[in-house]
């Protein structure tokens, strides 16, 4: 088991290969767009139930589990806007910036030229008091969003403890 990779190591490796964009930099970039500017494609890789609870306006939900198939023609999961976005700036979003780092690394491997991961994810966006929308087009209350963006970890999810430490 010594050669087993952990999720933290996979994310750390991805972060060394991709670029990140802070929430305030994304907000500024979106606000500074002129008619001639190409708006970045915002890809939210969270699961649909997470996305429905609050997302950055204009985001396209492409769950991490179908990302590779969504990026190419010929699959039931194909998302045409994403397939055609290879020359466009793309910002990948998740809850905390970890899944989006892995997704950004994947998109780069699939030929996307200008890909960034949203550092701190939707949680960081919400913590910076930027608005989130719901599927009805309403603004999500920041405190309500915070509850959904900070799930509790169960004792089982923490894993076994090593006896004799602590």
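The values are calculated or read from the model by the stated rules, or taken from the named source; none is laboratory data. Everything quoted here is computed from the prediction, not taken from an experiment. Note that each Cβ is placed from the backbone with ideal geometry, even for glycine, and that neighbours are counted across all protein chains shown.
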Subject >> From 135, 80, residue being in contact (Cβ under 8 Å) with a residue 40 or more places away in the chain, more than 23 Å from residue 21 (Cα to Cα) and surrounded by fewer than 21 Cβ atoms within 10 Å (Cβ to Cβ) >> reply: 135
**OP:** Residue by residue through the range 22-49, note down the ones that are modelled with pLDDT of 95 or more and surrounded by 19 or more Cβ atoms within 10 Å (Cβ to Cβ).
**Re:** 23, 26, 41, 42, 43, 44, 45, 46
Original post:
So which of 107, 149 ends up being more than 22 Å from residue 30 (Cα to Cα) and under 18 Å from the mean Cα position of the chain (by Cα)?
Top reply: 149
